[in-house]
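Before any comments, here is the structure.
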Amino acid sequence: MPDVSDKKFLHALLLTGAEYDSIVKIRQALPSYEETWRASFSALAAAGSSPECAEAIISSREKIRPDEEMRKLVSQSVVLITREDPEFPKELAHLASPPLYLYIKGRLDSKKPRLAVVGTRKATPYGHEAARKIIRDLAEKTDIVIVSGLAQGIDAEAHRAAMENNLATVGILGSGMDSASFYPPENWRLAEEIAANGGAVISEYPPGAPALKHHFIARNRIIAGLSAGTLVIEAPEKSGALITASFALEQGRDVFAVPGQMFSANASGVNKLIQDGAKLVTSADDIIDELGLERRKTAERIAASLTGENEKTILEILGEPASVDEIKVKTDLATPEIISCLSILELKGFIRPMGENKFQRIA
């Protein structure tokens, strides 16, 4: 396992632009990343390096300062972990092509189940609403982490819906996570919010790495690999979301799909998934049952579902039947606000009308 001091040289080597497989090959012949960083051209060549890789390492020494670059990572709250570290996700170690290191900002909870939610960047209102409803219902009924790719469309909707419903979420990048190379740039703030709200942003690529096409294909195997199942919401025939679903199948994970609208171009990919055996999803229960997830107890379900303080206050009062006027006396809330909260609570199944304009908590 590389110690902290040796990791700064691993980070420096990655910043040279040399392929990581080449760096690993050289490292196997040399005792540490530090010695790899300091090796001569002939020593690198003897260790199996290509001339291009050896030249990239040697020419970078004048402009890359390992200590300074590591300090930059720390200042950005980014951690570099390798496959030998105990915090490395065990689910990824078993992939056919596992990542050998990861840059992580935030917290990756290893104890909670995870669900990947992916789909087209050009989502329709139907796709946005489907993502929000399923994630909202999941949050009410179980404790799960939502994984996606921080792209526009369904990915961004999934991340936002998770945070709005007090679920942790994990975003996987196909670029460096520094602001200069982050892609798509319009979701930079979203990534910061994810890390600040108990989730994590992860990249296989060092700062400065551009968003290349093959990076996103590689990223998709991590999205699927971290998750117990992958839910696809809106995907045309040629979609990165379908690649993620394919990785999930290869890894022996469950694949779920929300049926698409018949006349929508975004329906072709998801409907084909269903025809090929993906689990058709119309509610959160379809996912919970298939994955065998633990359901929240009633009190936990209520706490997870209610985000407004007024809703919580009124629900507490309704341990005994009470009318709108009685609630108003106890809370000083305006009548329209009370009626709105009662409608929400009844819609969510937490209260029932008792006659005489009174309501009572069900459980």
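The values are calculated or read from the model by the stated rules, or taken from the named source; none is laboratory data. Quick caveat: nothing in here was measured; it's all calculated off a predicted structure. Quick reminder, even Gly has a Cβ in these numbers, built from the backbone with ideal geometry, and neighbours come from all protein chains shown.
Could you please find all residues in region 73-87 being part of a helix (DSSP H, G or I) and loosely packed, with under 14 Cβ neighbours inside 10 Å?
Val74, Ser75
Let me spell it out: the conditions are (1) over 30 Å from Ile64 (Cβ atoms); (2) over 12 Å from the mean Cα position of the chain (by Cα); (3) of a type outside the set (Val, Ile, Thr), and Arg221 meets all of them except one. Which number is the exception?
(1)
Go through region 161-256 and tell me which strands (runs of 3 or more DSSP E), entirely inside it, have 3 or more residues that are in contact (Cβ under 8 Å) with a residue 12 or more places away in the chain and more than 23 Å from Lys105 (Cβ to Cβ).
So the answer is 229-233.
Kindly indicate whether Val145 is modelled with pLDDT of 95 or more and within 30 Å of Ser264 (Cβ to Cβ).
Yes; evaluated as a whole, the condition is true for this residue.
Run down Ala123, Ala139, Ala131 and say which single residue is farther than 30 Å from Val74 by Cα, among the aliphatic types (A, V, I, L, M) and either in a loop (DSSP other than H, G, I, E, B) or without any contact (Cβ under 8 Å) to a residue 12 or more places away in the chain (or both).
When all the criteria are applied, what remains is Ala123.
Inside region 1-55, counting only helices (runs of 4 or more DSSP H) that do not spill past its ends, which hold 2 or more residues that are among the hydrophobic types (A, V, I, L, M, F, W, C) and surrounded by 18 or more Cβ atoms within 10 Å (Cβ to Cβ)?
4-15, 20-29
Filter region 248-266 down to residues that are more than 16 Å from the chain's Cα centre (by Cα) and surrounded by 22 or more Cβ atoms within 10 Å (Cβ to Cβ) and give me whichever is farthest from Gly127 (Cα to Cα).
Checking each candidate, the answer is Val255.
Given the conditions (1) surrounded by fewer than 24 Cβ atoms within 10 Å (Cβ to Cβ); (2) in contact with a strand residue (DSSP E or B) (Cβ under 8 Å, 6 or more places away or on another chain), report the number of the one that Val270 does not fulfil.
(1)
Any residue at all in region 331-354 that is without any contact (Cβ under 8 Å) to a residue 12 or more places away in the chain, under 30 Å from Ala162 (Cα atoms), over 37 Å from the mean Cα position of the chain (by Cα) and not in a loop (DSSP other than H, G, I, E, B)?
yes
Between Phe359, Phe256, Phe350, which is in contact with a helix residue (DSSP H, G or I) (Cβ under 7 Å, 6 or more places away or on another chain) and at pLDDT 95 or above?
Phe256
Do you know which residues across region 327-363 are more than 14 Å from Gly308 (Cα to Cα), surrounded by 15 or more Cβ atoms within 10 Å (Cβ to Cβ) and among the charged types (D, E, K, R)?
Answer for region 327-363, where residues must be more than 14 Å from Gly308 (Cα to Cα), surrounded by 15 or more Cβ atoms within 10 Å (Cβ to Cβ) and among the charged types (D, E, K, R): Lys328, Lys358, Arg361.
Which residues, taken from region 175-210, are among the small types (Gly, Ala, Ser) and more than 13 Å from the chain's Cα centre (by Cα)?
If the condition is that a residue be among the small types (Gly, Ala, Ser) and more than 13 Å from the chain's Cα centre (by Cα), then Ser175, Gly176, Ser179, Ala180, Ser181, Ala196, Gly208, Ala209 are the ones that fit.
With the condition kept exactly as written, say whether any residue in region 99-111 is out of contact with any strand residue (DSSP E or B) (no Cβ under 7 Å at 6 or more places or on another chain) and within 19 Å of Ile223 (Cβ to Cβ).
yes
Please state which of the following conditions Glu157 fails to meet, knowing it meets all the rest: (1) under 24 Å from Gly240 (Cα atoms); (2) without any contact (Cβ under 8 Å) to a residue 40 or more places away in the chain; (3) part of a strand (DSSP E or B); (4) of a type outside the set (S, T, N, Q).
The single condition Glu157 does not satisfy is (3).
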